[in-house]
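Have a look at the structure below before the remarks.
The values are calculated or read from the model by the stated rules, or taken from the named source; none is laboratory data. Everything numeric here is computed off the predicted structure, so don't read it as measured data. Every residue, glycine among them, receives a Cβ derived from its backbone with ideal geometry; neighbour counts consider all protein chains shown. Remember, those area values only see protein heavy atoms, side chains included, never the ligands or the DNA or RNA. Shrake-Rupley method; radii C 1.70, N 1.55, O 1.52, S 1.80 Å.
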Amino acid sequence: MIVLRARIASARLAARVVPVWGPVWLAAVWVRAAQQLAFHYRREEAASAARSGVHCWRALDARRPGRHGARLARALGALAERLADLGRVGEALEVAKEAVALAERQETADVVTLAATRSALSFVSAHAERPGEALAAAERAVSLLRPLDVAPSRTAVAVLATGLSRLGGLLAAAGRHEEALAAYGEAVVLYQRLFRRGCWRYTVPYLCAQGELARQLGALGRYAEALEQGVRPLAYFQLMAGAYPAEYRCVQAALLTEVAQWRGALGQHAEALDGADLAVSLFRHELDVQPERAGAGLAYALRCLAVQLRAQSRPDAAIVALEEAVALRRRLATGSPAQLWPLAELLVEFAELMWGMGRRVPAIRLTAERVAVDRRLLAANVPGVDSSGADAEHVLARDLYLLGVRCRATGQSEEAAQAIEEAIALLRSRAARFADEQAVPADAVLPDESRHTDEAGALPDDPLRDDALADGVLTDAVRADDALAEDALTTALPEDELGGARPVRLSERAWQDDQALLADALEEMAHLHDARGYLVEAFVAIDESVAIREHLAFPPVRNSSAPGEA
């Protein structure tokens, strides 16, 4: 930073002494300073520098119209990014759109300027939680620069590397990890090319890209490769965190969390537990100083710690960690709808742990809360998918089914029937929409001729119905009634609230997943009808379930769409 301050002082002096090229140099130095300060997470200073750069370029452009328009456009793009970093998304969007419009109006604007402004728009759109627009802008920025010559300028290489990194992040958020891996791999190669040319100021984005490359390998299950790729970024950010803790401690803790997760997946649980514990400690240290940045990281690190504690047969300690993680996620989700997805993932994991330990009442409460979060995701049109790749509608149906299964296990037939019926109705609606999209009548999805009864006339074995209830289940059932009494957890959203939800266009794979879940839900409904003495309804439901499975050409699997359930 000392060199940067000296450069700014020199440029200011030149702007006063040499009026021809001094102001131009000062404007360029301000924009570059904003970029370098942003690399080092000094966001306030970066935004101030970017604003000074825009001011200088506006003055130059007003003095000689048309000559400095392209540079002004790039400075506006840099300012938009810095404003987005500070959370001023509305202002950042306006500035980013102005940058793109100005670049497109300039006859002298080169392809690098067009790509840089598009990349800035992508960055700002991502912060504004508009992933579709962000992805389109990032793809456009990359496509503009890919046809460059073999030896492009350093600026072009840097802009392309930045665009690829942003494209990789958006693809990863959408669950397209193979494509994200390719984008990050290309970005790392380009940053290495800059290193060979002596551009050391790109050290931080280079190692961040390599760290993200390791994350995509981990997401694809290639844990040994992920560990290998993560060694250099982790070593660098550990070193930097010692000198600049406010800027780099969270980065170090995030990488430690990822490494712990990969080590755990490889069976190195002792090392993984130590790494996750250290990451939690680092995030806690930063939580009071920078709560927004450290909060999500601490929740993720606690989740990783809980996994390692469970692997070492310490479930009670894992519950403590997950409780804190859920509390953090709830607080984060109140301010950002995008945080609902991590909260939902954490709730279902916590519920499975409690259910596996025989703590049925808290498990049902957590499952009901997960259903409520699913409704919020659907009503708010929050884009994204869960870890299995399912969209919000399917996730809601799946969690309603899971809630019904757990309620029936504790003797709450009415609550179970309500949840299962809603899941079936939602899945039928999706099947009808898929049929309409394929220009096939909805009743052709499952023709009446395909339905038939079981020759034996008996329902499949159901251990939950035939076996004697375990000790304490009746008590659990009474207490679970209270757990489900909160309307906020179980009551469906009004139609006017769901009216804004955009229906998702279903793929063939999504339709198959829906049908598999529908078969499970119908089977569960058959058991509920049978328990209440509605034998005709039970036979109809089980026949339809069998017909769906035969139509999908895979054998019946008990609760196949509810992983972790017995």
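Look at the stretch 41-64: where a residue is among the hydrophobic types (A, V, I, L, M, F, W, C) and a partner is open to solvent by 70 Å² or more (accessible area, probe 1.4 Å), sitting 6+ places away or on another chain with Cβ atoms under 9 Å, you get Ala47/Arg88; Ala49/Arg32; Trp57/Arg71; Trp57/Arg74; Leu60/Arg67; Leu60/Arg71.
Quick grid of which residues meet (1) modelled with pLDDT of 90 or more; (2) within 20 Å of Pro147 (Cα to Cα); (3) among the polar types (S, T, N, Q):
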position: Ala80; (1), (2), (3): yes, no, no
position: Leu93; (1), (2), (3): yes, no, no
position: Ala96; (1), (2), (3): yes, no, no
position: Leu102; (1), (2), (3): no, no, no
position: Thr113; (1), (2), (3): no, yes, yes
position: His127; (1), (2), (3): no, no, no
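Selection of helices (runs of 4 or more DSSP H) fully inside the stretch 78-165 by the criterion of at least 1 residues being polar (S, T, N, Q) returns 111-127, 131-145. Each residue in the stretch 40-62 was checked for being open to solvent by 40 Å² or more (accessible area, probe 1.4 Å) and either farther than 22 Å from Leu102 by Cα or among the aromatic types (Phe, Trp, Tyr) (or both), and 6 of them qualify.
Residues that are in contact with a Lys or Arg (Cβ under 8 Å, 6 or more places away or on another chain), under 24 Å from Trp341 (Cβ atoms) and assigned to a helix (DSSP H, G or I): does the stretch 179-191 have at least one? No, every residue in the stretch 179-191 fails to be in contact with a Lys or Arg (Cβ under 8 Å, 6 or more places away or on another chain), under 24 Å from Trp341 (Cβ atoms) and assigned to a helix (DSSP H, G or I).
Do you know which of the residues in the stretch 512-566 that are more than 17 Å from Gly404 (Cα to Cα) and part of a loop (DSSP other than H, G, I, E, B) is modelled with the lowest pLDDT?
Step by step, filter the stretch 512-566, then rank; the result is Pro556.
Among residues belonging to the stretch 410-425 that are hydrophobic (A, V, I, L, M, F, W, C) and buried (at least 23 other Cβ atoms within 10 Å of the Cβ), point out the one that is farthest from the chain's Cα centre (by Cα).
Ala416
The condition of being open to solvent by 10 Å² or more (accessible area, probe 1.4 Å), part of a helix (DSSP H, G or I), touching a His at 6+ places or on another chain (Cβ under 7 Å) and under 29 Å from Glu44 (Cβ atoms) holds for Glu247. Checked against (1) at pLDDT 80 or above; (2) basic (Lys, Arg); (3) open to solvent by 60 Å² or more (accessible area, probe 1.4 Å); (4) under 21 Å from Ile542 (Cβ atoms), Arg451 passes all but a single condition, namely (1). No other residue among Arg197, Arg222 is open to solvent by 30 Å² or more (accessible area, probe 1.4 Å) and closer than 28 Å to Val31 by Cβ apart from Arg197. How many residues, within the stretch 279-295, are in contact with a helix residue (DSSP H, G or I) (Cβ under 6 Å, 6 or more places away or on another chain) and of a type outside the set (Lys, Arg)? Qualifying residue count, the stretch 279-295: 8. Every condition in (1) farther than 18 Å from Glu81 by Cβ; (2) in contact with a Pro (Cβ under 7 Å, 6 or more places away or on another chain) holds for Glu179 except the one numbered (2).
Of all the numbered requirements in (1) under 18 Å from Arg430 (Cβ atoms); (2) over 25 Å from the mean Cα position of the chain (by Cα); (3) surrounded by 12 or more Cβ atoms within 10 Å (Cβ to Cβ); (4) modelled with pLDDT under 60, Ala483 misses one, and that requirement is (1).
Yes/no per residue for (1) at pLDDT 85 or above; (2) closer than 16 Å to Ala516 by Cβ:
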{"residue": "Cys407", "(1), (2)": "yes, no"}
{"residue": "Glu414", "(1), (2)": "yes, no"}
{"residue": "Ala425", "(1), (2)": "yes, no"}
{"residue": "Arg430", "(1), (2)": "yes, yes"}
{"residue": "Glu437", "(1), (2)": "no, no"}
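For every residue, the table says whether it meets (1) within 25 Å of Phe195 (Cα to Cα); (2) aromatic (Phe, Trp, Tyr); (3) out of contact with any helix residue (DSSP H, G or I) (no Cβ under 6 Å at 6 or more places or on another chain); (4) open to solvent by 60 Å² or more (accessible area, probe 1.4 Å).
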position	(1), (2), (3), (4)
Gly90	no, no, yes, no
Glu94	no, no, yes, yes
Val100	no, no, no, no
Leu114	yes, no, no, no
Ser122	no, no, no, no
Arg130	no, no, yes, yes
Arg146	yes, no, yes, yes
Ala161	yes, no, no, no
Glu178	no, no, yes, yes
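The lone criterion from (1) more than 22 Å from Val320 (Cβ to Cβ); (2) open to solvent by 10 Å² or more (accessible area, probe 1.4 Å); (3) in a helix (DSSP H, G or I) left unmet by His285 is number (1). Taken as a whole, the stretch 13-35 holds at least one residue that is more than 21 Å from Ala136 (Cα to Cα), within 27 Å of the chain's Cα centre (by Cα) and at pLDDT below 90.
Per-residue answers, yes or no, for (1) of a type in the set (Ser, Thr, Tyr); (2) in contact (Cβ under 8 Å) with a residue 40 or more places away in the chain; (3) open to solvent by less than 60 Å² (accessible area, probe 1.4 Å):
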residue: Cys208; (1), (2), (3): no, yes, yes
residue: Arg232; (1), (2), (3): no, no, no
residue: Leu239; (1), (2), (3): no, no, no
residue: Gln252; (1), (2), (3): no, no, yes
